[in-house]
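Asker: Just dropping this structure here.
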Ligand SMILES: [Zn+2]
Ligand SMILES: [Zn+2]
């Protein structure tokens, strides 16, 4: 993880938020390459799930919602963690995590000397176990109290309870409250889904592990509505679609580069299921911190629509033409975190290898996710015509893709830099490209393309570059493309 954090900072993927002020707890800023990577993840997700499927539409609901939404959803009452406070230093801990950190102990058996003892272990001098605050070692802790994880804020100029609202802790509720708007305006028949990408906020007590758990994060969520009275392939429709979405979700992450051996499925036990869920399966990824949740796929039943119907007094039902009756749809929710997905793609792409006795760091991003698609590099920056040609190529390709120009080092180092940020292809402009009139050599109008993964090169006419990269960046194999130019 430390390697990824330092690469992310050094190469402009991810910076600590407000770093010059000492940073903000668990908030991170996406730098110039990070924002490209993140946008690419969101773009392929939207394209694959919203644009290409006839049964899906998109939505962008506001972050601030009517406060009753969160009463209806159960978040005001249930979205809590048990907390304890130190009466001395006032620090706050999650009651169930307080013994997961090393603790400070003033040992009576050794004249009150101060020790820091490993998490969960007793003092080796007096045998006592922790009872006081683990941080200061002096204060006693309060009994556990429920602490709500929603960020509170005030709507309008008056800070009073009547104007209290919350930053949404999930994007899902924006879809539920718009169920009828979407179904009516888009004339939808069940089953259909609504997808949304947006920020959500949770006041986590113990955030951490880089961008794995943060207080502000981005979600890619789908609510897929089905008619619970329908049967598909001998199964209730909700169970059938739940299976389909689990399989689709696993396949999606593999399609964009996560290795099969780093992915697994974990079923929630009956006692860990959320209060609304009939069944939940997590897609877990083998992060640098160990196997952890990458996304969840829950069967939320008709809980949310029924709750909102009850609290708002508006019917949120669907008219089943076949049976001539109103039903409350069941909903399957594939919910993924953008930041977590980005961390997984970054971790899986990272490789160190040895090339001619030197270490090469390479991010083997899927071409569609790579922040920069092509780097244009002049072999001789002293030659005006070489530099001019390189800039012109960059400008042409930049109409279609994110392309950079770099002439700030020798070619070997420029290649390494692009490998390290996962740029799939480099284009090199040299003297042969533009010709050398002093030596009577004419221009060949060709450039060298280098493939990141194989490090092979091919010499290609400049005017074919847009077509060649369209092929390569939309799934064309390097070997097939390169063989056309031999
Ligand atoms: Zn304390
Ligand atoms: Zn002791």
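Asker: Using only Cα atoms and rounding to the nearest 10 degrees, what angle (0 to 90) does helix 237-255 make with the longest principal axis of the chain?
Answerer: 40 degrees
Asker: Compute the long axis of helix 303-312 from its Cα atoms, compare it with the longest principal axis of the Cα atoms of the chain, and write down the angle in degrees, 0 to 90, nearest 10.
Answerer: Relative to the chain, helix 303-312 is tipped by roughly 70 degrees.
Asker: Shifting gears a bit: For residue 261 paired with residue 437, estimate the spin-label separation in nm (one decimal), with each label point 7 Å from Cα along the Cα-to-Cβ line.
Answerer: So the label points at residue 261 and residue 437 sit 5.9 nm apart.
Asker: Post the alpha-carbon centroid distance, the range 13-31 to the range 266-282, in whole angstrom.
Answerer: Spelled out, the Cα-based centre of one part sits 34 Å from the other.
Asker: Order of 130-140, 331-341, 430-440 by packing, highest average Cβ count within 10 Å first?
Answerer: Averaged packing, sorted descending, gives the order 331-341, 130-140, 430-440.
Asker: If R0 is 45 Å, what FRET efficiency do you get for residue 456 and residue 16 from their C-beta distance, rounded to 0.05?
Answerer: Result of the calculation: an efficiency of 0.75.
Asker: OK, next. Sort largest first and round to whole Å: the equivalent ellipsoid semi-axes of the range 285-372, each the square root of five times a Cα gyration tensor eigenvalue.
Answerer: Listed largest to smallest, the semi-axes of the range 285-372 are 48, 14, 10 Å.
Asker: Let me ask you something else. Among 463-473, 144-154, what's the highest-first ranking by average C-beta atoms within 10 angstrom per residue?
Answerer: 463-473, 144-154
Asker: Could you check the simple spin-label distance between residue 151 and residue 71, using points 7 Å along Cα→Cβ, in nm with one decimal?
Answerer: 2.4 nm
Asker: Mind giving me the FRET efficiency for residue 395 and residue 464? R0 is 25 Å, r the Cβ-Cβ distance, nearest 0.05 is fine.
Answerer: Calculated transfer efficiency: 0.90.
Asker: Sticking with this structure for a sec: If the viscosity is 1.306 mPa s and the temperature 10 °C, what Stokes-Einstein diffusion coefficient in µm²/s follows for the range 239-386 when Rh is the Kirkwood radius over Cα pairs?
Answerer: 83 µm²/s
Asker: Right, another one. Okay, helix-only estimate at 222 nm for the chain: each DSSP H run of n ≥ 4 adds -39500 (n - 2.57), divide by all residues, round to 500 deg cm²/dmol; what do you get?
Answerer: Dividing the helical sum by the residues of the chain leaves -7500 deg cm²/dmol.
Asker: Here's another thing I want to ask about it. Would you kindly calculate the mean projected area, averaged across all directions, of the convex hull enclosing the Cα atoms of the range 79-214, in square nanometres?
Answerer: 13.2 nm²
Asker: In whole Å, how far is the Cα centre of the range 435-452 from that of the range 206-220?
Answerer: 49 Å
Asker: Compute the Cα gyration tensor for the range 1-116, then decide on rounded, prolate or oblate, letting a ≥ b ≥ c be the square roots of its eigenvalues: rounded whenever a/c is under 1.5, prolate when a/b is larger than b/c in the other cases, and oblate in all that remain.
Answerer: Cα axes put the range 1-116 in the oblate bin.
Asker: Could you tell me the relative contact order of the range 261-391? Use alpha-carbon pairs under 8 Å, at least six residues apart, and round to a whole percent.
Answerer: Relative contact order of the range 261-391: 15 percent.
Asker: Which angle from 0 to 90°, rounded to the nearest 10, does the C-alpha axis of helix 384-397 make with the longest principal axis of the chain?
Answerer: Helix 384-397 and the main axis of the chain meet at about 40 degrees.
Asker: Zone of residue 96 (label point 7 Å along Cα→Cβ, backbone N under 20 Å): which residues in the range 260-275?
Answerer: Taking a point 7 Å out along Cα→Cβ of residue 96, the residues of the range 260-275 whose backbone N falls under 20 Å are 266-275.
Asker: Now for a different question. Expressed in nm to one decimal, what extension gain is obtained for the pair residue 479 and residue 159 from 0.36 nm per residue of sequence separation less their Cα-Cα distance?
Answerer: Length gained, residue 479 through residue 159: 108.8 nm.
Asker: While we're here: When a/c reaches 1.5 or more, the comparison of a/b and b/c decides; with that in mind, is the range 346-419 rounded, prolate or oblate per its Cα gyration tensor?
Answerer: Taking the square roots of the gyration eigenvalues as a ≥ b ≥ c, the range 346-419 is oblate.
Asker: Could you give the Stokes-Einstein D for the range 223-265 in µm² per second, using the C-alpha Kirkwood radius, 4 °C, 1.567 mPa s?
Answerer: Reported coefficient: 111 µm²/s.
Asker: Then there's this: Once you have a ≥ b ≥ c as the square roots of the Cα gyration tensor eigenvalues for the range 55-114, tell me rounded if a/c is under 1.5, and otherwise prolate or oblate according to whether a/b is larger than b/c.
Answerer: Cα axes put the range 55-114 in the prolate bin.
Asker: State the Kirkwood hydrodynamic radius of the chain in Å, one decimal place, computed from all pairs of distinct Cα atoms.
Answerer: The answer is 26.3 Å.
We did not get these values from a lab; they are worked out from the coordinates using the rules stated. Predicted model only: the values in this text are computed from it and were never measured. Cβ coordinates were reconstructed from backbone atoms using ideal geometry, including for glycine residues, and neighbour counts include every protein chain displayed.
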